[in-house]
Amino acid sequence: MIEVAPMFARARIPYGTWGSSFFPAWQTTALAEVNIGQFAGEAMNRIMGIRKIPTSVLDYLIIGSTVPWHWKFWTAPLVASCLGRRIPGYHMELACATGLQTIISAAAEVQTGANDVVGVLTFDRTSDSPVGVFPERRSYERTVALSDVWDNFGFDPATGRAMLACAGLAARKHKTDRREVDEVAFYRYEQYFRAKDSGILDRVLVPLDLLNIQGRHLGRIDSDAGIRQLTLDGLRAMPELDTCVTAGTQTHASDGMATLLVTNQEKARELSPRPEIDIQLVAKAEVRTLPSLMPEAPALAVQKLLSRTGLTMHDMVVVKNHNPFAVNDVIFAKLLEYDWKKMNTTGCPLVWGHPQGPTLTRVTIEALEEAVSLGGGYVLIFGCAAGDIGIAAIFKVNDGGNQR
């Protein structure tokens, strides 16, 4: 394996100190009945308990979410309190890139020596997004119309375009073929169901009970509820909403949380159930492409990252991404000259949904788990956000000298 000096040489992700809820689609979830911040804090506490990690080891907590929720002003202290401790830290968001950016930020905390054990906790609930009234003093009206997260999906104030229009515009620019886009979507569903049957997702996804704010039991999240069984003929019969975009070739809104720890090498060996596994964040990159060309941005971020590290796509044992549109994968495969069948072996957000904040956190956890099952190697994670942003990161998994 080619050796690359890690950008975050001190930071480690202890194997097995992670977990994610299932991501039920918004039409199916009882999460709409709970306070999502409280749920996320209590869920992290539960997952750490299952992993036999006392929350007392945490020095710091970085929280990521994108959808406003009740008590958001108090996000960091409130969520930390739900863990049973008043842990210092902060809340951040970078649209759909939040889940990966929080991990990068945690690695930076450890790299600088500011903190030794940093918890990452990401969550969002798109099923019951709030509606707000916003003062607009420049307008003839004192306030403008009610706005919620769905309005944001449908209107980029910089361009006036919807997210869906970004996919159509990028599809036209890169001359993507509708038949190939449908084939990608169908293949992604097959990958997810194969992974589900194999049991690898059971190492990552944790069933969680739902309690409302009064502590009343509302149910249990134990599946990615809402995933449809699609056929290739059915996909091809769907009408286009924009170029190469149909109801079957885009993701769906969902709810959930995901968490992991970032620490130094000594603590990672102490906390992990398999201390021989060493996981590092090698490098990261972000780009912004032209407005409304979001689906091409991840490929550009990966190109920048590979150029910076000297690695190639052939050096990667696991490649996994946040793909709100199947168009993303087709464009990536074309620009990187990479076989899209080699990506997303254990499933992806195109299939299991996109709650935003925790999406790329779950992607990362699944990818690292897969790399361990393969004996180690380089892991490439990438995704898009907010109309024109691309983000990418490379991790290295060393499995006791058994890596490829």
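Of the numbered criteria (1) at pLDDT 95 or above; (2) crowded, with 20+ Cβ neighbours inside 10 Å, the one Gly49 fails is (2). Of the strands (runs of 3 or more DSSP E) entirely within the stretch 294-404, those holding at least 3 residues that are buried (at least 24 other Cβ atoms within 10 Å of the Cβ), under 14 Å from the mean Cα position of the chain (by Cα) and in the same structural domain as Lys196 (by TED's automatic domain parsing) occupy 376-385, 389-399. Is it the case that some residue within the stretch 101-113 is over 25 Å from the mean Cα position of the chain (by Cα) and at pLDDT 95 or above? Yes, the conditions are met somewhere in the stretch 101-113. A search for C-beta distances below 8 Å between a residue of the stretch 301-322 that is more than 18 Å from Gln101 (Cα to Cα) and any residue that is of a type in the set (Lys, Arg), counting only pairs 6+ apart in sequence or on different chains, returns Val317/Arg404.
In the set Arg228, Arg188, Arg172, only one residue is exposed (fewer than 14 other Cβ atoms within 10 Å of the Cβ), of a type in the set (Lys, Arg) and not in a loop (DSSP other than H, G, I, E, B); that residue is Arg172. Among residues of the stretch 62-74 that are on the phi > 0 side of the Ramachandran plot, those with a beta-carbon under 8 Å from a residue that is assigned to a loop (DSSP other than H, G, I, E, B) at least six positions away or on a different chain give the pairs Trp71/Asn35. Whenever a residue of the stretch 42-59 is of a type in the set (Ser, Thr, Tyr), its partners that are crowded, with 16+ Cβ neighbours inside 10 Å and in a loop (DSSP other than H, G, I, E, B), lying with C-beta atoms within less than 6 angstrom and at least six residues away or across chains, give the pairs Thr55/Leu83. Among the residues of the stretch 202-224, those that are buried (at least 17 other Cβ atoms within 10 Å of the Cβ) and part of a loop (DSSP other than H, G, I, E, B) comprise Val204, Val206, Asp224. I'd like the full set of residues that are surrounded by fewer than 24 Cβ atoms within 10 Å (Cβ to Cβ), within 19 Å of the chain's Cα centre (by Cα) and of a type outside the set (A, V, I, L, M, F, W, C), limited to the stretch 18-46. Selection gives Gly19 alone.
The values are calculated or read from the model by the stated rules, or taken from the named source; none is laboratory data. Predicted, not measured: the structure shown is a model, and the values here were computed from it. Positions of Cβ are generated from backbone atoms using ideal geometry, with glycine treated the same way; all protein chains shown enter the neighbour counts.
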